Each structure stands twice: as C-alpha cells, then as structure tokens.
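Contents: one structure, followed by commentary.
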Amino acid sequence: MQLYSLCFILDRAGSSSGHRTGRDPVSIIERAEVLVTSPGRNFVTLRITTSDGVTGLGDATLNGRELSVVAYLQEHVVPLLIGRDPQKIEDTWQYLYRGAYWRRGPVTMAAISAVDIALWDIKGKITGQPVYQLLGGATRVGALAYAHASGSDLPSLFTSIRNHLDQGFRAIRVQTGVPGLGQVYGVGTNQKVGEKYDYEPAKRSTVPLEEEWDSAAYLQHIPAVFEAVREEFGWSLPLLHDAHHRLTPNEAASLGKSLEPYRLFWLEDCTPAENQEALRRVRSQTTTPLAIGEVFNSVFDYQTLITEQLIDYVRSAVTHTGGISGLKKIMDFAAIYQIKSGFHGPTDISPVGQAAALHLDLAIHNFGIQEYMQHSAPTLEVFQTSYTFENGLLHPGDNPGLGVEYDDALAGTFEYQPAYLPVNRLALDGTLHDW
Ligand code: KDG
Ligand code: MG
C-alpha cells in the first residue's frame, strides 16, 4: 500500500501559475504526485505530469527524514507547481528557492531538487534527448565509478576489494573495523567471495542504533590498513576513505599526514565542515586530497572551502543541492578553482537521483569520480534504469530524459518503514559523538 500519494489536478488551464515570463506555454504542469516506497529502504519520488501527458521523475529522498520532505512537497510545493510551464526549469528553481523567503536547508533543498530533476526529465522527453545532451553534451565516454569495499578485518576487507575488482570497478573506497570497537558504520562483516556488499539500510528500528567510537584507536589503526592494501593490490588502484565527520581539525590533519605515503584518491568528511574555516588547519598540514559535502545543500556551504581551495572534491548529491540546476551552479563555481566532482551515490540516493548525477557527470568538464554503491534487486525492479556499468565506467544511457521508469504497482507493495541512521557514542564514557 502506498501511504503517501497526493495529486493536484488543475481544472482551469494556467489558473494557479500567475507568472509572466514569456510566451504562453504549450503545455502546463497538470499533476504532481509524491510517491513513497520502500523496496529494501525508503525512497521519496516526485512525479510531475504535463497537460500533454509527459511525465518526469525527481528524487526527494532524505535518509531518516523522508516524511518531512513528503510534507514540504505536499503542503508547500505541489500547489505552486500546478499550471506552471514545465519547460521553465530555471524560473521554477528561482521561484521555489529565491521566492520562498526561507532559503536552504536539507528539507527545502531536497524538495526543490525533486522538482528540478523531474523537470529536466520532462524536457528531455519533450525534446527527445537524454538530459546530458541538454546540459551541453558528453565531455567523456563514461563516469569513473568507485565501489564500497569493507571488512571487519584485513582478510574480509581483501575479499571485498577482490569482489569489486571482479565486477570491473577501477576505484575502491576502503573501510574497516577498528580493534576494540564493535560494529563500525559503513563496514560490512564476514563477506564471502562473490557476495554483494550492502551495509545499507542500517538495521531498521524506530530509534537510531547506537554504535561505539574511539578516535584514537581509529587513528592508530587506519594507516596500517592502507599499508596492507597497497602491499596486496599495488599502487595504481585509486583508493578512497571516508572518516564520516568524526575527527577534530587537528586529528584530521594528523590522519591526512599519516595517509600521505599511501597516495589516496581522497580522504572524505575528515571533520564536520559547518565551520568551513576549520579546513584551513587540515589543508595547511597535508597534501592528501580532501572531499566534503554530502550533507551540504547549497553553494553557500562551500563558499570558503571553494574560494580558498580547501577541498579537492565536491561530494554533494543532485538530490540534496537543488537538483541538476543547483549542483551545476556549484560545479561551475568550483571549476574556477580546479575543484572537481565526486557526487554522492550511496543507496539512499534513489536510482532517479543516481541517473540525474550520471547525466551531470557526463556533461561537466570538472568531473572527478562518481560513487556507485549499487541498489538492491527489489529497488531496481521498482525503478527501472537505463544506466550501464562497463569497464569501471557508468553511462546514463540515451533514452530521452533521465532514463528511469517507475513501477507503481510494485512500488505500492513496499510500505514505508521508519528507519534511522545510527548514532555513535564514545566508547570511553558514552558521550554522544559527531557523525
Ligand atoms: O544517508 C547517509 C549516507 O548516505 C552516508 O552516510 C553514506 O557516507 C556515505 C557515503 O559516503 O556514501
Ligand atoms: Mg560519506
């Protein structure tokens, strides 16, 4: 059963749009539905339908806060869409962002993202072009993807890396357990040869699971892990690592330094970056490349980081930064400072969000790498995608629009289930720690 679905159907053409930005539209937005499904994990999708019957899909999934975006869309965005010209993507973006008074924030920006992505999908279908063509066309043959490999210990980590290399990945994110700690976020346990790694969704429960954390034990352990991985897999394999915002700037600087000998592709989210100036400390101390931004939602979150070149990669998702239009603005700004993309692509970005990222990956010049965590089989039955993964590269396909179809009947069989990301507390004394 689909719990949340809302349609606004217009009865008088153009009556609710009230905007005057050019000629009368050929078609108008007639309906917008907020769809929630949970094929293994929760996804929120916006489907916009025009008066000509063209539909577009947008991803509005905000992990662990899904229903707040549902409400924002249903109560405050969908009524504004009805009667608008579906072709006016930029005007609609500005209308929802600049016109809202309350700007930015993850909920608002996820909602704007969904509208923007759906309108790009519609424009693609109206023009008969894949979205990347509308963004200027391909500037590469495919987007280099990185996989998530992990293990509680070195043998299981190596198995996981081999599994991903066997699948054709040419860049690997490496996460491991930490001696003395129990379950560590992002680390799969006891993987068998050939087994697909998928630590998501975090075990579903109505309150967040609590995990233990110890920064000193982690800082002591990680360099030895990369030394062992380099010894086993050589020096040409791009390796990435995610610190999940858990370190102080000084600890992050120390980790960056200690990882320099292993030549990482990037160190991600080394410290919480609400305080952008804190990255000056890290940057001045290490040449390990830095990636930040999966929790950011606007260009202002990056302003200091980009203008002072404190990072090397923008980690945002299309789904959380105002869609293709929002993230393209950030990437154009970043390009001036030689900062590249590394768009967020875990399984809580829906296949619609992932497809949107791939179109942008193909089109922008300052592409760096694309995260590709691979959705579960049930998710890919609900969201049928045209993107391909070959020889380590992702391609969005050449279907008009984004290239994703949504199976309503199947989606309706997966009911929303409350689920949270875990929180972590210090092993020493239980103090709640940074993500
Ligand atoms: O919703 C949060 C997850 O998407 C995030 O924790 C995964 O850190 C992550 C990553 O790099 O993909
Ligand atoms: Mg991350």
Problem set entry | Those residues of the stretch 233-272 which are of a type in the set (A, V, I, L, M, F, W, C) and within 12 Å of ligand 2 (Cβ to nearest atom), in sequence order | Leu240, Ala243, Trp266, Leu267, Cys270
For this session: Note down all Cβ pairs under 6 Å where the first residue falls in the stretch 283-305 and is touching a residue at least 60 places away in the same chain (Cβ under 8 Å), the second is of a type in the set (S, T, N, Q) and crowded, with 23+ Cβ neighbours inside 10 Å, and they're at least six residues apart or on different chains.
Result: Asn297/Thr321
Exercise. How many residues does the stretch 409-435 hold that are surrounded by 14 or more Cβ atoms within 10 Å (Cβ to Cβ) and part of a helix (DSSP H, G or I)?
Worked result: 2
Problem set entry | the stretch 264-276 - residue that is surrounded by fewer than 21 Cβ atoms within 10 Å (Cβ to Cβ) and modelled with pLDDT under 95 and, of those, farthest from Ser341 (Cα to Cα) | Asn275
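The values are calculated or read from the model by the stated rules, or taken from the named source; none is laboratory data. Treat the numbers as computed from the prediction; the structure is a model and nothing was measured. In this analysis, Cβ positions are derived from the backbone assuming ideal geometry, glycine residues included, and neighbour counts consider all displayed protein chains.
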